[in-house]
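Scroll down for the structure; my scribbles are underneath it.
Rule-based calculations on the coordinates, nothing more; no lab input. No experiment lies behind these values; they were computed from the predicted model shown. Virtual Cβ from ideal backbone geometry, glycine too; neighbours counted across all protein chains shown.
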């Protein structure tokens, strides 16, 4: 099976849906900033209702599993690798 690439924007969208469901708000009410640090790896900051929440790699993977299952109708457990790409930013390689 060929690998699926999920863009940085779709990762942000997945995190917006993930946070909105946990807080019972609309995805449009969530702002996400993706980050990468050499020491800590991938993370994100979520802003909703005037509050900031730090998301670590496992939260991003969990959000991507939700996205794969519900929006792309793909196997959510087919291996997700986060990659820092020089041109595309933070992307996910599936499969």
Item to check | Verdict on residue 5 being loosely packed, with under 15 Cβ neighbours inside 10 Å and part of a loop (DSSP other than H, G, I, E, B) | outcome: no
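For (1) closer than 18 Å to residue 7 by Cα; (2) touching a strand residue (DSSP E or B) at 6+ places or on another chain (Cβ under 9 Å), each residue gets a yes or a no:
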{"position": "33", "(1), (2)": "yes, yes"}
{"position": "44", "(1), (2)": "yes, yes"}
{"position": "53", "(1), (2)": "no, yes"}
{"position": "59", "(1), (2)": "yes, yes"}
{"position": "73", "(1), (2)": "yes, no"}
{"position": "80", "(1), (2)": "yes, yes"}
{"position": "84", "(1), (2)": "yes, yes"}
{"position": "87", "(1), (2)": "yes, no"}
Checklist entry - Counting just the residues of the stretch 22-39 that are free of Cβ contacts under 8 Å to residues at least 24 places away in the same chain and outside any strand (DSSP E or B), which one comes out surrounded by the fewest Cβ atoms within 10 Å (Cβ to Cβ)? => result 39
Checklist outcome for this item: Scanning the stretch 44-69 for residues that are in contact with a helix residue (DSSP H, G or I) (Cβ under 7 Å, 6 or more places away or on another chain), under 16 Å from residue 89 (Cβ atoms) and not in a helix (DSSP H, G or I) gives 44
Item to check | Residue match in the stretch 70-90 (condition: part of a helix (DSSP H, G or I) and surrounded by 13 or more Cβ atoms within 10 Å (Cβ to Cβ)) | outcome: no
